[in-house]
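What follows is a single structure, written as structure tokens, with notes after it.
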Amino acid sequence: MAYDIRAWLDREGHPQLQIIDRDSGSIRLAWAPSSGRSREIKALFHELMLLSVRENLANGPTRGVN
């Protein structure tokens with residue numbers, strides 16, 4: 001799968017992030033911190049890891065990996 005990653009600052013200077021599936025055009029992840037930036041950034045990385053795992057599971061087992 002291919003993704004488009006869109007990152008920007010909103011009018012108040014808060015970071016925003018979208019990860020969009022290129023094939024379907026659907027937004028796979030939309031992120032904006034609501035409070036406590038450190039906690040929000042950790043949650044973002046958690047979501048990114050889950051997205052990666054979902055893609056790996058969808059693609060099936062990888063050769064040479066036990």
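For the reader, a short list of remarks on this structure follows.
- Among (1) 31, 23, 20; (2) 47, 26, 13; (3) 32, 26, 17, the entry derived from the coordinates for Cα extents along the principal axes in Å: (2)
- Accessible area of the chain belonging to carbon and sulfur atoms, whole % at 1.4 Å probe: 54
- Ligands, DNA and RNA are left out, and with a 1.4 angstrom probe the accessible area of the chain is 81 Å² per residue.
- Charge dipole of the chain about the Cα centre (unit charges at C-beta), most positive-ward option of Gln18, Leu51, Ala7: Leu51
- Student exercise, the chain dipole from Lys, Arg, Asp, Glu Cβ charges, in Debye to nearest 20: 180
- Amide H partners (placed H, <5 Å) of Leu29, local residues excluded: Ile19
- Degrees separating the helix 37-59 axis from the principal Cα axis of the chain, which is the longest one: 20
- Taking amide H atoms as placed 1.01 Å from N in the peptide plane, the amide H of Tyr3 lies under 5 Å from those of Arg22, each 5 or more residues away in sequence or on another chain.
The values are calculated or read from the model by the stated rules, or taken from the named source; none is laboratory data. Everything numeric in this text was worked out from a predicted model, so none of it was measured. Because the Cβ atoms are built from the backbone with ideal geometry, glycine has one as well, and the counts that use them run over all protein chains shown. SASA here: full protein model, heavy atoms, side chains in, ligands and nucleic acids out. Shrake-Rupley method; radii C 1.70, N 1.55, O 1.52, S 1.80 Å.
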